[in-house]
Amino acid sequence: MAGAPLGNQNAAKAKLWSAAINRALDKRTKKEGKDALDLLAETLLVKCDEADLGALKELGDRIEGKPAQALIHQGDEDHPVVTKKARFVSPT
């Protein structure tokens, strides 16, 4: 089975959150007469100019993508990691 289990609603929740953010941005844009997302992006750049580490990290993640998470594959004494090698032979 690939992907999330049947009945998993996590993706629907994420879409609800995205929709709520988009509605809030639309309200701000109508109220202020400027694109709210552009204003937020400008605020991020101002914070970067002030050497705000959180803003710098966010900017880097947005521009270059988040670094891949390091995964360590190791077992323990009772459950060691086992590798097996298979050799395929052609039928004669």
Kindly indicate whether any position in the stretch 51-60 is assigned to a helix (DSSP H, G or I), at pLDDT 90 or above and either of a type in the set (Ser, Thr, Tyr) or exposed (fewer than 10 other Cβ atoms within 10 Å of the Cβ) (or both).
yes
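Looking for whichever is part of a helix (DSSP H, G or I) and among the hydrophobic types (A, V, I, L, M, F, W, C) here; the options are Leu16, Leu6. Which one fits?
Details: Leu6 fails: part of a helix (DSSP H, G or I).
Only one candidate passes the filter, namely Leu16.
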List the pairs whose first member sits in the stretch 65-92 and is polar (S, T, N, Q), whose second member is modelled with pLDDT of 80 or more, and whose Cβ atoms are under 8 Å apart, counting only residues at least 6 apart or on separate chains?
Gln74/Val81
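Taking the conditions exactly as written (loosely packed, with under 10 Cβ neighbours inside 10 Å, part of a helix (DSSP H, G or I) and charged (D, E, K, R)), does Lys31 satisfy them or not? Break it down into steps so the answer makes sense when it comes.
Values: loosely packed, with under 10 Cβ neighbours inside 10 Å: yes; part of a helix (DSSP H, G or I): yes; charged (D, E, K, R): yes.
Judged against the criteria, Lys31 is a match.
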Only unsatisfied item for Leu37, checking (1) free of Cβ contacts under 8 Å to residues at least 12 places away in the same chain; (2) of a type outside the set (Asp, Glu); (3) surrounded by 11 or more Cβ atoms within 10 Å (Cβ to Cβ), is (1)
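Would you say Asn22 is of a type outside the set (A, V, I, L, M, F, W, C), surrounded by 10 or more Cβ atoms within 10 Å (Cβ to Cβ) and within 23 Å of the chain's Cα centre (by Cα)?
Numbers: of a type outside the set (A, V, I, L, M, F, W, C): yes; surrounded by 10 or more Cβ atoms within 10 Å (Cβ to Cβ): yes; within 23 Å of the chain's Cα centre (by Cα): yes.
When the stated conditions are applied, Asn22 passes them.
The values are calculated or read from the model by the stated rules, or taken from the named source; none is laboratory data. Quick caveat, the model's predicted, so the values are computed rather than measured. Don't worry about glycine lacking a Cβ; one is built from the backbone with ideal geometry, like all the others, and counts go over all protein chains shown.
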